[in-house]
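S.K.: Structure below; questions to follow.
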């Protein structure tokens, strides 16, 4: 039975500390006048249920005493994240897989993506860093009714690829819980320099991660 490795995008294939995470920090500061540390963002992420960075930005603003309409948060976040013609914070992203890694994996397994990004956001990054790679299928936030930690994206891939064994690679507790709810083995990505590393390691272990690696370039050693 051919397997399919399903990758989360942010923090797994793309380094987003200076893009999505920075956009949260700047959005919160814009509406509240208060500068929050990225560790606080990670604290919310580790609590689970905050895969949507727009919703998380709105929640942090509220917790700091400033209520902001969701659509207003989305508009400002997108303005600084995308910029004009993709020249915003998204340009700070880098591609994590080393040359040849995904090509080698594709020789043995199918490759797919399940991400909380919208498709147009994903396409900007894939077209920039990996235009030749084929991920099939690609499931984004606009393809499912419920985002992570719900299993809808992984269940959709199971329906599209019946009989194929899936493996999900992600870097948040919502990724792990999504995998668990779908009955899909999970590999956790946990960088050595992660700000709340031990906490997230315990969470991954509680969710029965089959392996924990520092970055996606170590995946061949645990497959």
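Laboratory data are not the source of any read-out in this text; all were calculated from the coordinates shown. Everything numeric here is computed off the predicted structure, so don't read it as measured data. Here the Cβ is made from the backbone with ideal geometry for all residues, glycine too, and neighbour counts use every protein chain on show.
S.K.: Report the Cα centroid-to-centroid distance between region 117-132 and region 29-78 in angstrom, as an integer.
M.R.: Measuring centre to centre over Cα atoms gives 24 Å.
S.K.: Counting each DSSP H run of 4 or more residues in the chain as -39500 (n - 2.57), what helix-only mean residue ellipticity at 222 nm follows after dividing by all residues, to the nearest 500 deg cm²/dmol?
M.R.: Calculated from helices alone, the mean residue ellipticity at 222 nm is -12000 deg cm²/dmol.
S.K.: On a 0 to 90° scale, report how tilted helix 173-182 is relative to the longest principal axis of the chain, with both axes built from alpha carbons and the result rounded to the nearest 10.
M.R.: Tilt of helix 173-182: around 40 degrees.
S.K.: Moving on. With the crude spin-label approximation of a point 7 Å out along Cα→Cβ, what separation in nm comes out for residue 181 versus residue 29?
M.R.: Modelled inter-label distance: 3.4 nm.
S.K.: Report, to the nearest 10°, how far helix 70-82 tilts away from the longest principal axis of the Cα atoms in the chain, using its own Cα long axis and a range of 0 to 90°.
M.R.: Once rounded, one gets 70 degrees.
S.K.: Report, to the nearest 10°, how far helix 197-206 tilts away from the longest principal axis of the Cα atoms in the chain, using its own Cα long axis and a range of 0 to 90°.
M.R.: Rounded to the nearest ten degrees, it is 50.
S.K.: As an exercise, use a Förster radius of 35 Å and the Cβ-Cβ distance of residue 108 and residue 208 to find the FRET efficiency, rounded to the nearest 0.05.
M.R.: Values: r = 24 Å, r/R0 = 0.68.
Efficiency computed from Cβ-Cβ geometry: 0.90.
S.K.: When every alpha-carbon pair in region 17-91 is counted, what percent end up more than 15 Å apart?
M.R.: Summing the P(r) of region 17-91 above 15 Å gives 49 percent of all pairs.
S.K.: Extending each Cα 7 Å along its Cβ direction at residue 85 and residue 118, get the distance between those two points in nm, one decimal.
M.R.: With each label point 7 Å from Cα toward Cβ, the separation is 2.1 nm.
S.K.: What list do you get for 45, 201, 148 if you sort them by fewest beta carbons within 10 Å?
M.R.: Final ranking by Cβ density, sparse to dense: 201, 45, 148.
S.K.: Hey, can you rank 115-123, 130-138, 204-212 by average C-beta count inside 10 Å, highest first?
M.R.: 115-123, 204-212, 130-138
S.K.: Next up: Using 0.36 nm per residue of separation minus the Cα-Cα distance, give me the extension gain between residue 134 and residue 47 in nm, one decimal.
M.R.: Computed gain between residue 134 and residue 47 is 28.0 nm.
S.K.: Shifting gears a bit: Which residue, 185, 151, 162, tops the fluctuation ranking in a GNM of the chain built on C-alpha contacts under 10 Å?
M.R.: 162
S.K.: In addition: For the chain, give the share of DSSP beta bridges that are antiparallel, in percent and rounded to the nearest 5; count only bridges with both residues there. Display every interim value, and only then the final one.
M.R.: Details: 2 of 20 bridges.
Among the beta bridges of the chain, antiparallel pairing accounts for roughly 10 percent.
S.K.: Let me ask something else. Among [x] 54, 39, 33; [y] 42, 35, 32; [z] 65, 34, 30, which is the computed Cα extents along the principal axes in Å?
M.R.: Among [x] 54, 39, 33; [y] 42, 35, 32; [z] 65, 34, 30, the one calculated here is [x].
S.K.: Further, regarding this structure: FRET efficiency for residue 92 and residue 218, Cβ-Cβ distance as r, R0 = 22 Å, nearest 0.05? Mind dumping the intermediate values first?
M.R.: Values: r = 24 Å, r/R0 = 1.09.
The computed FRET efficiency comes out at 0.40.
S.K.: Sort 124, 187 so the one with the fewest other Cβ atoms within 10 Å of its own Cβ comes first. Let's see the in-between values first.
M.R.: Details: 124 16, 187 26.
Going from least to most buried by this count: 124, 187.
S.K.: Place the peptides 192-200, 24-32, 2-10 in order of packing, highest mean first, counting for every residue the other Cβ atoms within 10 Å and averaging per peptide. Walk me through the intermediate numbers first.
M.R.: Numbers: 192-200: 13.6, 24-32: 19.8, 2-10: 22.4.
In decreasing order of mean packing, 192-200, 24-32, 2-10 become 2-10, 24-32, 192-200.
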